[in-house]
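What follows is a single structure, written as C-alpha cells, with notes after it.
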Amino acid sequence: MGATDVERTAREIEAENERLRARVATLEAELVEVQARANAAVASWEERAYWLDRWHLDLNALMRRPGATQLLGALRAVRSLVWALKRAKRGLKRP
C-alpha cells in the first residue's frame, strides 16, 4: 500500500466521518423535536387531569352512570354539526 493509497483511505474515512457527523446532527435535531412534542402532549394531559381533580370528577365513574353513553353520543353529534356548519361557512366566504 503506497502513500497515495493511505491518503485516499484517510480521505475516505474522513468523508465517512463527516457524513456520520451530519447524520448524528440530523437525528439529534429530530430527537429534540420529538421530545418537544411529547412534552407538550404530557403538559396538555397534566392540565386536563389537574382540572378534573380540582372539580372532583372521576370520568370512569361518570361514564358508568346510566345515560352517560347516550349523552356522549349526543355531544359528538352536536360537535359534528358545529364542525359541518363551520366548514360550510368557510366555503361560503371563498371568492
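Every read-out reported here was derived from the displayed coordinates using simple, explicitly stated rules and does not represent laboratory data. All values derive from a computational prediction rather than experimental measurement. When we count neighbours, we look across all protein chains shown, and the Cβ atoms used for this are built from the backbone with ideal geometry, even at glycine.
For percent of Cα pairs over 15 Å apart, which listed value, [x] 81; [y] 55; [z] 72, comes from the coordinates shown?
[x]
How big is the charge dipole of the chain about its Cα centre, in debye rounded to the nearest 20, if each Lys and Arg gets +1 on its Cβ and each Asp and Glu gets -1 on its Cβ?
1480 debye
Specify which residue in the list W45, G67, T9 is farthest towards the positive end of the charge dipole of the chain, using unit charges on the beta carbon of Lys, Arg (+1) and Asp, Glu (-1), about the Cα centre.
G67
Taking segment 1-57, which chymotrypsin sites (Phe, Trp or Tyr not before Pro) meet the DSSP loop condition and have no more than 12 other C-beta atoms within 10 Å?
W55
Where does the chain land at 222 nm, in deg cm²/dmol rounded to the nearest 500, when only DSSP H runs of n ≥ 4 count, each adding -39500 (n - 2.57), divided by all residues?
Result for the chain, helices only: -31500 deg cm²/dmol.
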